[in-house]
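The values are calculated or read from the model by the stated rules, or taken from the named source; none is laboratory data. Computed from a predicted model, the values in this text were never measured in an experiment. When we count neighbours, we look across all protein chains shown, and the Cβ atoms used for this are built from the backbone with ideal geometry, even at glycine. Side chains are part of the model used for accessible areas, which takes the heavy atoms of the whole protein and leaves out ligands, DNA and RNA. Shrake-Rupley method; radii C 1.70, N 1.55, O 1.52, S 1.80 Å.
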Amino acid sequence: YYGLYFSTLYILPFKISGSIREFLMFLKKVSNAHHSCISLIRIQFRWVKDGVEFDPSKDPELSVSRDSGTFSLTAKDGPIHQYQGRYNCYASNVLGTAVSNEARIVTENTPTLQKEKKVSKKVEEGESVVLPCNPPNSTVAPVIHWMDKKLRHIQQNERVIQGRDGNLYFSHVTEADSRDDYTCNTQFPSARIIVLKANSVVRNRRPQMMRPTGPSSSYLVLSGQNLDLECIAQGLPSPKIQWIRKDGVLSESRTSKDSYDRVLRFKNISVSDSGEYQCTATNLQGIITHTYSVTVEAAPYWTKEPKSQLYSPGETVKLECKADGIPSPEVTWSINGNLLTDPRRSVKHGVLTLKNVELSDTAVYQCKAVNKHSSILINAYVYVIELPPQILTEDGVMYSVAEGQMIELACETFGSPRPNVTWEGETWGALVANPRMSQLLDGSLQISNASLNDSGQYTCTVSNSRITITAELDVLNKTVIVKPPLALRIQRGKPATLTCEYQVDSRQDAPQVQWRKNLQKLTESSDSDKYMIDESTLIIPDVKEEDEGTYTCEVITTLDIAEASGSITVVDRPDPPTQIQMTEPKERSVTLSWTPGDDHNSPVLEYLIEFEETEYERKEWEELSRVSGNRQRTTLSLKPFLSYRFRVIAINDIGKSDPSMYTDVISTPAAQNIVRSFNGPGFEYKVMWRKVLGSGPSWHIKSIKSPPLIITDVGNFSAFEIKVQAVNEMGEGPEPKSTIGYSGEDYPLEAPLNVGVDLISSTAIKVVWAPIKRETVRGRLQGYKISLMHYGPESRREHVREGKPSNISFVMTDSNEEMKVLGDLLPYSHYALSVSVINNKGEGPQSDPLTFHTPEGVPGPPSSLLLDSPSETEMILHWTPPSQPNGILKGYILRYQQVDKEDNPMQVEKNIDHGVSHVSLKLDPHSRYRFYLRGYTSLGEGLPIIREGATTLDGVPPSNISLSTGETSVNLTWVSKERQRNVGFFIHYLKKDGTWKHSERVNSSQSFYTLRGLQSGSEYRLKIDFKNKTLWEDEIQTAGARFVTESWFIGLISALVLLLLVLLILCFIKRSKGGKYSVKEKEEGQIDSEARPMNNEGFGEYRCGEEKRTASQPSLCEDSKLCTDDALDDYANSNSVQTEVIMDESLASQSSGVRDVPDPGTQESSPLNPATPGQHRDQTWIHILAQD
């Protein structure tokens, strides 16, 4: 495996991601173009420019980096047009070729500003003006600013706006626009001037489009890009701009407006934004519209990417590659950057099919999608190899699961072809038929809805092999909430208690109980008494309206979660009814209707209608009628010649509401033929009043026909004694009793005195004040208002000096209270408070602010805690301070214990300085730990932050290595151990009679390595050394020609040796019979036996010379020297006999050590080797060489 960097793209041979990069280069200007193509191992790189091979190393202007394909260009004053084009990088090694996405270099001349004269415009006030900018042409849009000569920006608004083309548009000009230093600033400034000509009459004008012009315009944009629709209109007064979507609803989330609504902006536009949009410019003189037709198309993008995998020979490979875009892209395939030519490779609907793959099909395959906008390319790596099956998952893994949960037993395999595995249970047997158990594609066994009967041992076996592992499954009882929280109905201000009793399997650790309100976590904070959490109980001491909601109790174990929900509903007395109305008045009845007030979550049971008779002395309100809570009107029966007014009271389970506002007075006519004491002619009311204090015994008197009577100029909230007497022509009625009434209220005059603060705790105070003088209230005392100002923590005193509170809250009290306890304060903070008086008119002046600060509290938990293990016995903990220190942080306390062993004591690291942010611990490398870190102040310890972790073990090279040999390579596979660091090592190998060599550096996390460059048919010794110690060692035999060790070859040689022994025995027998050879024959025929090949015309046949045979030579071959005395003596006296076999051509091709046959023309003539011209020797020769 290897990787590349191209531009800023990371490229792997089996997957390349990124997009087309475009580089803009200006002539006559120093610029750098840097194309990166970096590899992780040494590979070969090449570049293709516009479809033609391009070698950057041959260009002296380009510099190529060592060990990579990166090249860079630094141009100085010279032409660089030749570098414009489209570039692809190809990276190749023995496994294939990866291709990068396309990069583009665009060259152009450096933008220059044309010489322009100073432009002066004379216009009348109210006309529209356009000041052109004319920036230099460039592929890159310049940044444009309109400024004056002092480089101050021209102020833009709805009337004056800069267009996207850089021009400055005036909807209409005013006299203030006259100036001579309008300057368009790009990289090269040019000046513009407006000279305004005075106009005695400024006329309004209808809106007209300035940019864009005409009734409509069209835009084509790619999905994912940004689009600005511009609408600049002239007119007087300045037109207002509105945007709509004509074929749908204009999305506020997908669009935004800019430049005083003159620009409708789309960010990351999508196909759904295609459609028609309309800009409407409106002023008092009329309207004008412009329609924008937006078409969104899309560059190609992948909907399904091909996957890189290992395959075995003979398999059929299918690589699926699908892309989409607008218009639809064309999908093509290539191999190692070249077109497909093998008929075994076919493409249909974007799917590349490779039938009956071979080892030579190992390559990088490229899928390319192209439409008119751009192209994308992705690499897929196909590796055809044969590897023995192997299970990577460790044997004997223990799994635990709670009843009803899902568990996966891992059985990760490796090999090519992909190994098939089967699972068997200790009591279940084959697991295929069990509907709750299924085998996943990666070989894992998934058990759904686990039951207690599923506990036991499970075996994973690789098909057609003896490779197995076992897994132990322990199913625990599920966590159950036996007493869930209830649905509570609590009155405001009272406490609420929610309980959550649970049952957990005894084999599990103690669970964590988490409370949530409306799915949000609740925590018990030491500086607030809002929530009190005691194990499985949640207490809210003072229920308020915001506490209403659903409360969920979560019991969390390491294996499962149980949850149950309750609720708190805040109930209270209903609010009084409103909008009391009288309708359908009759002589003896009236219909009364009302609107219900808030029932505060407790339905109204009934309504009480009360009345008051206004004809008599003032009486208490009396009950007139009751109606059910689902009615909102009723008809009331009335008595004759009386004046009534009514009010309504709502009643629910909590109690009665306050009375509603009373109605106007309604009077009933007198009854016919009935004479009553007050029913005489000339009836009127005699109203008498006087101040209770200071006015003397005299009464003020006024007669009226009917109430009410309004008296003015009587002072603020003054007490009056009031009497009303009935009078008619017959005389005065009974003497009435007086009542006390008050005039209207005014704002209180004074603030409470002697305001003081008593500290109760770090989060609570008691505020006290002296009673207010009643005469200064100037109304009915409703209570007191406490204003509490928070200035931040103690360490930020500057806020108090600057008078800038960070938070202000208010607390209201009753009229009879002269003390109030305030809670929920922040510890170690600066506060100030003041108290004011409240009456029905409003709030009086505040008392002088009283400053105080709360004492220290315990801190909140540290903000973060990270675990880092540099070695297998060391753990470094890094943390950040608490976000709420609540005082002066003295330091930290760390507690930790082993979680995988029962009854382990808690270890403590105390007195960690507050400035320390990390600590190192020496730990047992075989255990897992839980860490509790908390800060502390002088008041005590705060809440902890909890983390679990274990040290990372020192890595070692693998020792459980499986081998698979080929002719010139060997595949090594192993299982990487968990928790171990990655470590590099070398594989040393030694060929017999050779020297030790080693591989490139291998990482222990690879799990697979192929050692190449071996010789076929050879024996090797492999080993892995680490820290001067051999961890693993093995011997292998590569495949190839090794017939010399085969049994058939050994048998053949043995048979030939046996045949020679038989011939020698026959010669000994003949010699023992007295046969002799002539001396001459011996002298003439004595030659080196190695130089006398026998003339075989058939195996085992011998041809003798023409010499006359003697009587003593009736031998198998009389002329053969094999039977001479000297030959036999030589044989008997020789120290060794070497036999060499020269085989025919079919056998000789497999043998080394064949000797050349001597040329017959150079040999002496002898009976064994007659000098026969043209004699052809193509038979099998047998030489017997005797050596001293």
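Figures for the structure shown
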{"read-out": "Pairs, first farther than 13 Å from residue 522 by Cα in the range 544-555, second charged (D, E, K, R), C-beta under 8 Å, six or more apart", "value": "544/492; 545/492; 555/563"}
{"read-out": "Test: residue in the range 449-472 that is under 18 Å from residue 389 (Cβ atoms), modelled with pLDDT under 90 and touching a Phe, Trp or Tyr at 6+ places or on another chain (Cβ under 8 Å)", "value": "no"}
{"read-out": "In the range 859-894, the residues that are of a type outside the set (A, V, I, L, M), surrounded by 16 or more Cβ atoms within 10 Å (Cβ to Cβ), at pLDDT 90 or above and over 21 Å from residue 762 (Cβ atoms)", "value": "879"}
{"read-out": "Candidate set from the range 939-958 (those that are at pLDDT below 85 and open to solvent by 30 Å² or more (accessible area, probe 1.4 Å)); member that is nearest to residue 858 (Cα to Cα)", "value": "939"}
{"read-out": "Tally, over the range 740-788, of residues that are touching a residue at least 60 places away in the same chain (Cβ under 8 Å), open to solvent by 60 Å² or more (accessible area, probe 1.4 Å) and not in a loop (DSSP other than H, G, I, E, B)", "value": "1"}
{"read-out": "Criterion violated by residue 972 - all others in (1) hydrophobic (A, V, I, L, M, F, W, C); (2) touching a strand residue (DSSP E or B) at 6+ places or on another chain (Cβ under 8 Å); (3) closer than 30 Å to residue 881 by Cβ satisfied", "value": "(3)"}
{"read-out": "Answer residue from the range 980-1000, given it is free of Cβ contacts under 8 Å to residues at least 12 places away in the same chain and part of a strand (DSSP E or B) and is least open to solvent (accessible area, probe 1.4 Å) among those", "value": "996"}
{"read-out": "Residues that are of a type in the set (A, V, I, L, M) and open to solvent by 10 Å² or more (accessible area, probe 1.4 Å), drawn from the range 824-840", "value": "826, 838"}
{"read-out": "Top-ranked residue in the range 359-417 [being among the charged types (D, E, K, R) and part of a strand (DSSP E or B); ranked as nearest to the chain's Cα centre (by Cα)]", "value": "408"}
{"read-out": "Among residues of the range 128-154, those that are of a type in the set (D, E, K, R) and crowded, with 18+ Cβ neighbours inside 10 Å, counted", "value": "0"}
{"read-out": "Given (1) of a type in the set (S, T, N, Q); (2) touching a residue at least 40 places away in the same chain (Cβ under 8 Å); (3) open to solvent by 30 Å² or more (accessible area, probe 1.4 Å), index of the condition residue 251 fails", "value": "(2)"}
{"read-out": "Any hit, the range 261-283, residues being closer than 19 Å to residue 160 by Cβ, assigned to a strand (DSSP E or B) and of a type in the set (Lys, Arg)", "value": "no"}
{"read-out": "Within the range 296-312, considering residues that are out of contact with any Phe, Trp or Tyr (no Cβ under 6 Å at 6 or more places or on another chain), open to solvent by less than 60 Å² (accessible area, probe 1.4 Å) and in a strand (DSSP E or B), the one farthest from residue 261 (Cα to Cα)", "value": "311"}
{"read-out": "Residues being of a type in the set (Lys, Arg) and open to solvent by less than 80 Å² (accessible area, probe 1.4 Å) - total across the range 206-248", "value": "2"}
{"read-out": "Any hit, the range 879-898, residues being more than 42 Å from the chain's Cα centre (by Cα) and either outside any loop (DSSP other than H, G, I, E, B) or among the charged types (D, E, K, R) (or both)", "value": "no"}
{"read-out": "Matching residues in the range 418-429 - criterion: being open to solvent by 40 Å² or more (accessible area, probe 1.4 Å) and in a loop (DSSP other than H, G, I, E, B)", "value": "418, 420, 426, 427, 428"}
{"read-out": "Hey, residue 1084 modelled with pLDDT under 85 and open to solvent by 90 Å² or more (accessible area, probe 1.4 Å) or not", "value": "yes"}
{"read-out": "Qualifying strands (runs of 3 or more DSSP E) (wholly inside the range 463-505; at least 3 residues being open to solvent by less than 60 Å² (accessible area, probe 1.4 Å))", "value": "468-476, 487-491, 496-499"}
{"read-out": "Members of the range 386-427 that are modelled with pLDDT under 90 and at positive phi", "value": "415"}
{"read-out": "Residues of the range 325-336 that turn out to be open to solvent by 60 Å² or more (accessible area, probe 1.4 Å) and either in contact with a Phe, Trp or Tyr (Cβ under 9 Å, 6 or more places away or on another chain) or among the small types (Gly, Ala, Ser) (or both), as a count", "value": "1"}
{"read-out": "Residues that are more than 16 Å from residue 474 (Cβ to Cβ) and acidic (Asp, Glu), drawn from the range 377-428", "value": "386, 394, 395, 412, 424"}
{"read-out": "Matching residues in the range 676-706 - criterion: being modelled with pLDDT under 85 and surrounded by 13 or more Cβ atoms within 10 Å (Cβ to Cβ)", "value": "678, 679, 680, 683, 691, 692, 695"}
{"read-out": "Hey, residue 591 open to solvent by 20 Å² or more (accessible area, probe 1.4 Å) and in contact (Cβ under 8 Å) with a residue 40 or more places away in the chain or not", "value": "no"}
{"read-out": "Selection from the range 122-161 of residues that are on the phi > 0 side of the Ramachandran plot and of a type in the set (S, T, N, Q)", "value": "134"}
{"read-out": "Hey, residue 292 open to solvent by 70 Å² or more (accessible area, probe 1.4 Å), out of contact with any helix residue (DSSP H, G or I) (no Cβ under 9 Å at 6 or more places or on another chain) and outside any loop (DSSP other than H, G, I, E, B) or not", "value": "no"}
{"read-out": "Filter result for the condition that a residue is free of Cβ contacts under 8 Å to residues at least 60 places away in the same chain, closer than 23 Å to residue 512 by Cβ and either surrounded by 16 or more Cβ atoms within 10 Å (Cβ to Cβ) or not acidic (Asp, Glu) (or both), over 559, 538, 605", "value": "538"}
{"read-out": "Selection within the range 595-616 - within 56 Å of the chain's Cα centre (by Cα), within 14 Å of residue 661 (Cα to Cα) and of a type outside the set (S, T, N, Q)", "value": "596, 597"}
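Results for (1) more than 30 Å from residue 950 (Cα to Cα); (2) aliphatic (A, V, I, L, M), shown as yes or no for each residue.
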| site | (1), (2) |
| --- | --- |
| 819 | yes, yes |
| 822 | yes, yes |
| 846 | yes, no |
| 859 | no, no |
| 869 | no, no |
| 876 | no, yes |
| 889 | no, yes |
